[in-house]
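The values are calculated or read from the model by the stated rules, or taken from the named source; none is laboratory data. From a predicted model like this one, the values you see are computed outputs, not experimental measurements. Note: ideal-geometry Cβ built from the backbone for every residue, glycine included; neighbour counts use all protein chains shown.
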Amino acid sequence: MPWPARLAAGLAAVSLVELLLAEVLPAAGDMVDLFVVLVVVAGLSGNSLHGVTGGLAAGLVQDTLATTPFGLHGLACCVVGYGAARLSQRVMTSQRTVAWLLMAVGALVHQAIVLGLLAVLEVGEFGGGTAVPLRVAATTAVGVPSLWLADRFKAWADERRTLKEGRTGLR
Amino acid sequence: MSERRIAILFAVAVIVLLASLTAQSPERAGDIALWVEAPVKGLVAGAVGAVERTREGWRTRARLERDNAELRSRVRELEAAHAAALGAKLEVDLLSAPLGYERPADAELVLADVVSVDHRSLRRSAILRLPRGSGREEWARRPVTTVDGVLGRVVFAGGAYARVLMVTDRESSVGAMIERTRRQGIVRGTRRSGVLSLEFVPLQAEVRPGDRVITAGIDGVFPRGIPLGTVTSVESSGDAFHEIEVAPSVDLGSLSHAFVWRTDPVPEAFMDGADAVAR
């Protein structure tokens, strides 16, 4: 499965979940930022280009769904995606502590950019203050298992491809 | 795609998104532009100021180096002149010793306020206020000078005041000489205020405009070497003497203080010559 297709599938899934959460559990939808999770996972599992484009695409989709000014999440997710991709080239992302840390830092940076821009531009509100640590913690808590699942899925896909290539070679 | 190109792509995306967000908040766009613009302008102004200060520093340094060189040269000249003067003094002392010549003691100067100046009427004089406690001293005929040169001599003193007959008065006469040639004469006041006349300088003597005239120390009142003025014109139409005009060295229009010399003048009895002897 090519990377754009995987990204599109991931975006579709996250959008669907976000819409469902907004309808069923609005508090949980506000608390967990699944787009940030997707961006960090994309950045850590791909290269810098994947980080930038994945972040930009995810952010713009989030902007479409949110009421904040268009481009706000696009900018924040683009920075987080690119930063995650650059960091993944320098640290061992397979270590659990590193994964926790990267996810927490990604969520924190995203929140900081969004809140900072909202304050500077004076264009809207995004529930700052005490909500920020909770949002970061919840996003990290959801993000780390997602990262593990993404790794597992990638390993399974690699194994399957290898097996398929082996069978083809035997024939 | 290389990492550099990806970084450029990332920067472009960030800038475009920021511009888009700023465009959605026009009232804040001006402030944000100012935030970006002000430090840049400050940086440019600071750089321009630093360059200007550096250039000014170099100019000042060049000027100081030039001045320093000139002053060094001047100091060398003065040192040479000082050495020559010391040599001359030694020579004078050596020559004076066998003659038994004794240099007069340095006079004490008393600072006095000039309280009245009359240099327009026929009687050109000034009134000085003497220091306290000096009323009992004998001030008559004592020389009066300023930092620029001779002002005149005391003709009357009473209490705390003394009247000074200025050198510009027509009745004043001071023994003088041309500093360059040591040729002696007498300086008198003239009808014109602020013009002195140097008399009794023979036609054979060389006198030029610009020559400094100083006291000759031959009148029994003024010590030798005090500036009197500068020769402004020389005419040789007379029969035996030059007609020399001298501009006084003292600016009579800006008098504020004067020095009265505590030297005892030669007694009048000696100055009157045969008459005194007869008395």
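Taking segment B:9-31 as the range and being under 16 Å from residue A:81 (Cβ atoms) and either more than 9 Å from every other protein chain (Cβ to nearest Cβ) or at pLDDT below 85 (or both) as the test, the residues that pass are B:11, B:12. Residues that are outside any helix (DSSP H, G or I) and within 20 Å of residue B:8 (Cβ to Cβ) within segment A:52-84 comprise just one, A:71. All conditions in (1) touching a Gly at 6+ places or on another chain (Cβ under 9 Å); (2) modelled with pLDDT of 90 or more hold for residue B:181, with the sole exception of (1). Of all the listed residues (A:21, A:44), the sole one being closer than 28 Å to residue A:160 by Cα, of a type in the set (A, V, I, L, M) and more than 12 Å from chain B (Cβ to nearest Cβ) is A:44. Assess whether residue B:102 counts as being at pLDDT below 90, more than 30 Å from the chain's Cα centre (by Cα) and under 20 Å from residue B:215 (Cα atoms). Yes. Candidates in segment B:130-160 are the residues that are more than 16 Å from residue B:257 (Cα to Cα) and not in a loop (DSSP other than H, G, I, E, B); of these, the one that is nearest to the chain's Cα centre (by Cα) is B:155. Answer yes or no: is there a residue in segment A:85-101 that is among the polar types (S, T, N, Q), surrounded by fewer than 23 Cβ atoms within 10 Å (Cβ to Cβ), within 14 Å of chain B (Cβ to nearest Cβ) and assigned to a helix (DSSP H, G or I). Among the residues of segment A:85-101, at least one is among the polar types (S, T, N, Q), surrounded by fewer than 23 Cβ atoms within 10 Å (Cβ to Cβ), within 14 Å of chain B (Cβ to nearest Cβ) and assigned to a helix (DSSP H, G or I), which makes the answer yes. Check segment A:69-78 and report whether any residue there is surrounded by 22 or more Cβ atoms within 10 Å (Cβ to Cβ), within 13 Å of chain B (Cβ to nearest Cβ), within 24 Å of residue A:157 (Cα to Cα) and touching a Leu at 6+ places or on another chain (Cβ under 9 Å). No: zero hits. Among the numbered conditions (1) surrounded by fewer than 19 Cβ atoms within 10 Å (Cβ to Cβ); (2) in contact (Cβ under 8 Å) with a residue 12 or more places away in the chain; (3) more than 14 Å from chain B (Cβ to nearest Cβ), the only one that residue A:26 does not meet is (2).
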